[in-house]
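Right, one structure below, let's go through it.
The values are calculated or read from the model by the stated rules, or taken from the named source; none is laboratory data. What you see is a predicted model, and the numbers here were worked out from it, not measured in a lab. FYI the Cβ positions are ideal-geometry reconstructions off the backbone, even for glycines, and counts take in every protein chain you see. Accessible surface areas use protein heavy atoms only, side chains included; no ligands, DNA or RNA. Shrake-Rupley method; radii C 1.70, N 1.55, O 1.52, S 1.80 Å.
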Amino acid sequence: MAAPLTQNMALLLNNKMQLFSGKVDKTIPWHSVLETLCQVGCCSRCVLRLLGANIDIICKPTEVVDAIVDNLKSEQLLLNVIEGCTSQIEDPCNSELSHTEQYAASEEPLAHPEICVTCIGLLQDYHNKRCIDQIRQKVEKEQFEYDSFRCSIYLPLSVVLREHAVFVELAKLHPNIRGEYMSQQGSKIVSVKEVWKRLSGPAIECQLRAPFKAFSPFEIEIMHVLTQDKQVLSQVISEVKDAPKKHRSRTALKREHVKQQRETLRLEKDGVEVPDQLSIDGKGVAPPIKMGPQELRKLLINLPDARFSELFQATTTKPTSGCDIGTIKCNYTSLYLAGRYNKYSRMLCQTPWIIDGEKKMNTSVEEIITQPLNCMIRGDETRFASSGREDVDVRTLGNGRPFVIEFINPRRHKLGLEAVAKLQQEINSSTKDVKVNDLQVVEKEKTRLLKDGEENKTKRYFALCWSSSYLTADMLQQLDAKMNLEIEQKTPIRVLHRRPLHTRKRLVLEMKSTLIDKHHFNLELETNAGTYVKEFIHGDFGRTVPNLTMLLNVETDILELDVLSVNVDWPPPVSC
């Protein structure tokens, strides 16, 4: 039994919280509206919510909300509240604990009340406690490091369907309900999602011992599901799909399709796929989509109330069970580690070499570096990128090749300088084929410097070359005199199977050669990014011009190649 309200009771649970606001139509039978909301099976929070109550009132402890609704059943008091005639309201239950504090203090399982026809239990305490317990268990199981969190909640489309069904019932009470009330209240009504976040957020903070922050890198996704209304949803969508459509241009259709694709990322678990494509006046075709809440609301507006009531009625189609929690996912913003690597083996590929699903080499530079790191960081997956790449038989010497690794959804992200240095040492001590330098944690924005420098960077190479005819020092001196030599290279035959056929202009900035014997010489050269050095030396059957064979007028080939330096000033050196 609710506590009696004083004579001067009003719209505030404290002096700053207004219960109802905005202009209202006094001709609407508000007592009947309240009575209908209660009769169809709305919980107390949804009754206040659909009347347009302030979210601070809706999220008061359950007994307070119940008492407010019970006392509003007094017709005169309701009218006074709607008309704004009252000035003060006291806590009917004199509750000293907040909703969150009551949750934390509760050790006994909460009672399972009648399931609300609108929120399907989402705003009722028994569901909140069960959901929060599952969130805590999931986070504990995943063992994430986090200082704060944010929540993304995905509700079943049944919430939209059932809320519309309640409005259809209300529209039977007064002709203005459909127009003024629904349009005005529609802008004031707090969504189930917002109320759930307000109710559950502080309680989740209590359980996780971390604050909620809107832009936290740690996101918890809660997917609610309800299969009971799936068949009705399909029928409703089919009804509206078959109705005549207004003409819309291809541009409008394309814009809507893009919006629908984005909405797909947020769609509810029991979303329904449109069975056929939508064609509008033959001007364009929208592809099949999965329905999101905003699309469903738009469709329901176009469906006559009489036909909707034939398909679904709030008074007769009550939920047989509350929403279930389909999945809980934890996602942490990616962690990025950058550094430089040297490769000393001529039998090691940079990334896993897989052909037709078969791995051709036991390991790779990527695996040697990434696997020890991910053992500690424990990301769901990793992505390796570098400033260019070398062939299997090419070494990378000097200060090494810059690289960056993205760890997707890392469990651990707090890596100090000592921890990173220890990981670098672990990698270097595990093999003689690869060495890592300047390993460090970097921000995502900084990783763009790796790609930004590719077009302007230069590289130095050292090649051991062979000639079919005798060479002299004078012949090589003529080669050394060539500066900023422009060459044209068609896509090499050896990579033509995986790269498009193009002719690329490249620069050989300088060359320095040393004669070893009559058939062998060393060549040190500097080129701009993207130059195929092997093809410049042997000519690739005339696909690179000019080439070394043409310049020396002697058939030449390459025996060994080393990368001496990749001239990109990133990442910065790490001081010991």
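The Cα center of the stretch 359-387 and the Cα center of the stretch 412-456 differ in position by 12 Å. Dipole size of the stretch 474-576 about its Cα centre, with +1 on Lys/Arg Cβ and -1 on Asp/Glu Cβ: approximately 580 debye, rounded to the nearest 20. Among the protein heavy atoms, those of Ser429 account for about 90 Å² of accessible surface (1.4 Å probe, every chain in place). The chymotrypsin sites (Phe, Trp or Tyr not before Pro) of the stretch 456-518 that meet both conditions, a loop assignment by DSSP and at most 16 other Cβ atoms within 10 Å of the site Cβ, are Tyr470.
The distance from the alpha carbon centre of the stretch 47-61 to that of the stretch 114-152 is 21 Å, rounded to a whole number. Our coupling estimate for the stretch 114-131, obtained by passing each phi through the Karplus curve with A = 6.51, B = -1.76, C = 1.60 and θ = phi - 60°, is 5, 6, 5, 6, 9, 8, 6, x, 5, 9, 9, 4, 4, 6, 4, 5, 4, 5 Hz, Gly and Pro reported as x. Residues whose amide H falls under 5 Å from that of Cys349, counting only those 5 or more places apart or on a different chain, are Val365, with hydrogens built in the peptide plane.
Sort 434-445, 219-230 by the packing proxy (mean of other Cβ within 10 Å over each peptide's residues), most packed first.
Details: 434-445: 16.6, 219-230: 19.0.
Ranked from most to least packed, the peptides come out as 219-230, 434-445.
Working from label points 7 Å from Cα in the Cα-to-Cβ sense, the Val574 to Asn522 distance is 3.1 nm. In this structure the amide hydrogen of Gly400, modeled in the peptide plane, comes within under 5 Å of the amide hydrogens of Val566, none closer than 5 places in sequence on its chain. Surface composition of the stretch 346-492: carbon plus sulfur atoms hold 47% of the accessible area, using a 1.4 angstrom probe and ignoring ligands, DNA and RNA. Each Lys and Arg Cβ is given +1 and each Asp and Glu Cβ -1; about its Cα centre, the stretch 358-401 then shows a dipole of about 120 debye. The accessible-area ordering, largest first, of the residues Arg198, Arg543 stands as Arg198, Arg543, per a 1.4 angstrom probe. Measuring with a 1.4 angstrom probe and ignoring ligands and nucleic acids, Thr36 comes out at about 20 Å² accessible.
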